[in-house]
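Novice: Take this structure first; my questions come after.
The values are calculated or read from the model by the stated rules, or taken from the named source; none is laboratory data. Note that the coordinates shown come from a computational prediction; the quantities given were computed from them, not determined experimentally. Cβ coordinates were reconstructed from backbone atoms using ideal geometry, including for glycine residues, and neighbour counts include every protein chain displayed. These accessible areas exclude ligands, DNA and RNA; they are computed on the full protein's heavy atoms, side chains included. Shrake-Rupley method; radii C 1.70, N 1.55, O 1.52, S 1.80 Å.
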Amino acid sequence: MSFAWARQYEPQNAFMKWMDERLPLPRLVYNAVGAGYPVPRNLNYMWNFGVLAGFFLVVQIITGVILAMHYAANQTVAFATVEHIMRNVNWGWLMRYAHANGASFFFIVVYLHIFRGFFYSSYKAPREMIWLLGVVIFLLMMATAFMGYVLPWGQMSFWGAQVITGLFGAIPLVGENLQIWILGGYAPDNAALNRFFSLHFLLPFVIAAVVILHVWALHIPGSSNPTGVEVKSESDTVPFHPYYTAKDGFGLGVVLIFFAIMVFFAPNALGHPDNYIEANPLSTPALIVPEWYFYPFYAILRAFTFDFILPAKLWGVLAMFASILVWFFLPWLDKGAVRSGHYRPLFRKFFWFGLIPCMAALFYLGGAHAEEPYIMLSQFATAYYFLHFLVILPIISSIEKPEPLPYSITDAVLGGKAATEA
Amino acid sequence: MTRIISIVVGIGFTVAVLWAFAFGVGPAFSTFAKHGQFVEPTAELELHKVAHGPEGGFSFDGPFGKWDYAQLQRGYQVYKEVCAACHSLQYVAFRNLEELTYSEAEVKAEAAQYQIPKYDPATSEVVTQPGLPTDQFPPVPYFGTGHPPDLSLITKARHDGSNYVYSLLTGYGEPDPEVLAKFPDFEVPAGMSFNPYFANVNIAMAPPLTTDGQVTYADGTEATVSQMAKDVSAFLTWTAEPTLVKRKQTGWPVLGFLLFATILAYLSKKQIWASLKPRKKD
């Protein structure tokens, strides 16, 4: 893998030489994120978010493992053990707030990472496998985050679990039994809480494994870049270390500042107050909402309010799952050879004036009360969402006339002369 | 082929969602035409008010907020003499009261005033014993109407909780007659009280703080209703998050360090990338 001019690892002393001959782990790291990985020299700050997502995965695993030492997954005491962490465990409040806000930040950086992929068509050949693995990671994150939110056993935990597992109940014929099987009962209780805890502990390590595949797949063709022009020569690249370790280090510092502001000064701003009320199966909250990072998909779920051949609820469930599954097909729906949105005039307009406002609306509407005018707006946004990915993208990729591309990355960076057709 | 299938699927979802839109748009706009808003107006919606804080706010507000320990002690007194008749405080231990600058002996004496149900290891029966500092506040038996919630977390369990508790305690009164004229059917159910800050404006809790001087403060502060409400809201903010001030105070050095580290990271990034610049004219 990698380019012919990639630097080769050379052990610096006798021990490293001994090590390299037996277990070339330092060589692996050198080639993965060290000087041995040549990266396009023109990456902008939108390319920071992959590393940041990896960082927040590590934050979540470390804080999560510590929290698990003090938490008990039993419906009679789960809520109380969370309060025990907040009050009696040394720095427990910091661990829990870092974990809760860490989940939000994980999703923030991953959403930015995904939308960078949308704009620069990072999913196009030869990077389809990186994209597919990325969507798998996102689905695993959603499952993990959902189950994690159930663990404190507050009102939103309980009713969220009820609503989300109820989605499986909408599946014809097997739905009801499937829901009972998933929950281990007719409603969320101890069985559900226990299995969610077990899976919530397991899935992050599965995510870590898929992240390794994601990064491995990335190192075959190498990183994409803002021009979308493939690397042609050595002058197009710089070694990952020190150039991008330094750039990612700065990006990490900036994100950590925002993270610290949330953790120390507004730790509950992204949560729902109802989750500080212990789960009560006899009292339904006025508004059941998931965590903010699920709002777009929740808005899509609730947009289907009338039966159309199939029951409305089934449409909602299908649409919600389909809204993410369509990402799997992007590499084959958006076919044009030009990748970067900078050189795709039509695509760019639909991205900035279609997809972005649509997603912003869905983010807002998913947290709103299920009443007008929010329902109508979410129906419009949902319609646009599916039209964008399934109808508009395939059509514009065949009719669009891209703008001239720079000859190479070096030319793009240094203002070289030859701007030719790709 | 992929693209034809995708266009068919995309149009399928679009038609289904716009079908729902077509059915919803009529009723929505007829409501709008009638009332000038999309939701049917109700007395509850029009009478409901958004919580506000006491004048001058709380001492713990803002990024530099600090506890006012005298206030927390007064708030504890209000809780003990008024709220504790119906509301428990189950996640707070007596030992935690030392954080309100009570001495160890005072906390011991405080705990001993409570009877705590415990298992007697000799007989395996539940017996009540005087509380120890390590005990938590005991459950409060309640036989009236409504369900008095445990108050340990109340300010975190409500939106804008500290201000909400203050507004609720000082917000009892009569409904706005103008709104009542619009909704002649609206009435406060028997045994309930009107409170515009409560979610559905009718609350089962009778006004708990009714007269100035209801509590005689040990520190001599004048116990107006507003003062008592403010003090107990502060106390309940502390019970909900005893580490609130420590959290904010920890945040500043962390932010300072991160700012410093980020500036260094920026400078080193700049220096490392500067080596690429001279090649600009090659």
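Novice: Can you tell me how many residues in segment A:256-305 are in a loop (DSSP other than H, G, I, E, B), facing chain B (nearest Cβ under 10 Å), surrounded by 16 or more Cβ atoms within 10 Å (Cβ to Cβ) and among the hydrophobic types (A, V, I, L, M, F, W, C)?
Specialist: 2
Novice: Sort out which residues of segment A:245-254 are open to solvent by less than 20 Å² (accessible area, probe 1.4 Å) and either at the interface with chain B (Cβ under 7 Å from one of its Cβ atoms) or of a type in the set (A, V, I, L, M, F, W, C) (or both), and write them in order of number.
Specialist: Within segment A:245-254, A:Ala246, A:Lys247, A:Gly253 qualify.
Novice: Does A:Leu405 qualify as being more than 10 Å from chain B (Cβ to nearest Cβ) and within 30 Å of A:Ala312 (Cβ to Cβ)?
Specialist: Spelling it out, it is not the case that A:Leu405 is more than 10 Å from chain B (Cβ to nearest Cβ) and within 30 Å of A:Ala312 (Cβ to Cβ).
Novice: For a quick check of your reading of the model, give me the residue pairs whose first member lies in segment B:82-108 and is under 23 Å from B:Ala229 (Cβ atoms), whose second is modelled with pLDDT of 95 or more and of a type in the set (Gly, Ala, Ser), with beta-carbon atoms closer than 7 Å and at least 6 apart or on different chains.
Specialist: B:Leu89/B:Ser152; B:Gln90/B:Ser152; B:Tyr91/B:Ser152; B:Val92/B:Ser152
Novice: Another question, then. So how many residues does segment A:194-244 have that are surrounded by fewer than 17 Cβ atoms within 10 Å (Cβ to Cβ) and on the phi > 0 side of the Ramachandran plot?
Specialist: Residues meeting the conditions: 0.
Novice: Being more than 8 Å from the chain's Cα centre (by Cα), under 14 Å from A:Asn280 (Cβ atoms) and open to solvent by less than 40 Å² (accessible area, probe 1.4 Å) is the filter here; which residues of segment B:149-161 pass it?
Specialist: Correct list: B:Asp150 only.
Novice: Picking from B:Ala85, B:Ala20, which residue would you name as being closer than 30 Å to B:Ile203 by Cα and of a type outside the set (S, T, N, Q)?
Specialist: That would be B:Ala85, the only listed residue that is closer than 30 Å to B:Ile203 by Cα and of a type outside the set (S, T, N, Q).
Novice: Moving on. Looking at segment A:154-177, can you tell me whether even one residue there is without any contact (Cβ under 8 Å) to a residue 12 or more places away in the chain, of a type outside the set (Val, Ile, Thr) and in contact with an Asp or Glu (Cβ under 6 Å, 6 or more places away or on another chain)?
Specialist: Yes, segment A:154-177 contains at least one residue that is without any contact (Cβ under 8 Å) to a residue 12 or more places away in the chain, of a type outside the set (Val, Ile, Thr) and in contact with an Asp or Glu (Cβ under 6 Å, 6 or more places away or on another chain).
Novice: Within segment A:342-396, which residues are away from chain B (no Cβ under 14 Å), part of a helix (DSSP H, G or I) and within 11 Å of A:Ala303 (Cβ to Cβ)?
Specialist: Within segment A:342-396, no residue meets the criteria.
Novice: Residue by residue through segment B:31-41, note down the ones that are within 12 Å of another protein chain (Cβ to nearest Cβ) and either surrounded by 12 or more Cβ atoms within 10 Å (Cβ to Cβ) or more than 21 Å from B:Phe186 (Cα to Cα) (or both).
Specialist: Once the filter is applied, which keeps residues that are within 12 Å of another protein chain (Cβ to nearest Cβ) and either surrounded by 12 or more Cβ atoms within 10 Å (Cβ to Cβ) or more than 21 Å from B:Phe186 (Cα to Cα) (or both), segment B:31-41 yields B:Thr31, B:Phe32, B:Gln37, B:Phe38, B:Val39.
Matching residues to (1) within 22 Å of the chain's Cα centre (by Cα); (2) open to solvent by less than 30 Å² (accessible area, probe 1.4 Å); (3) under 19 Å from B:Tyr217 (Cβ atoms):
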| position | (1), (2), (3) |
| --- | --- |
| B:Gly75 | yes, yes, yes |
| B:Lys80 | yes, no, yes |
| B:Ala85 | yes, no, yes |
| B:Val92 | yes, yes, no |
| B:Ala105 | no, no, no |
| B:Ala122 | no, no, no |
| B:Thr128 | no, no, no |
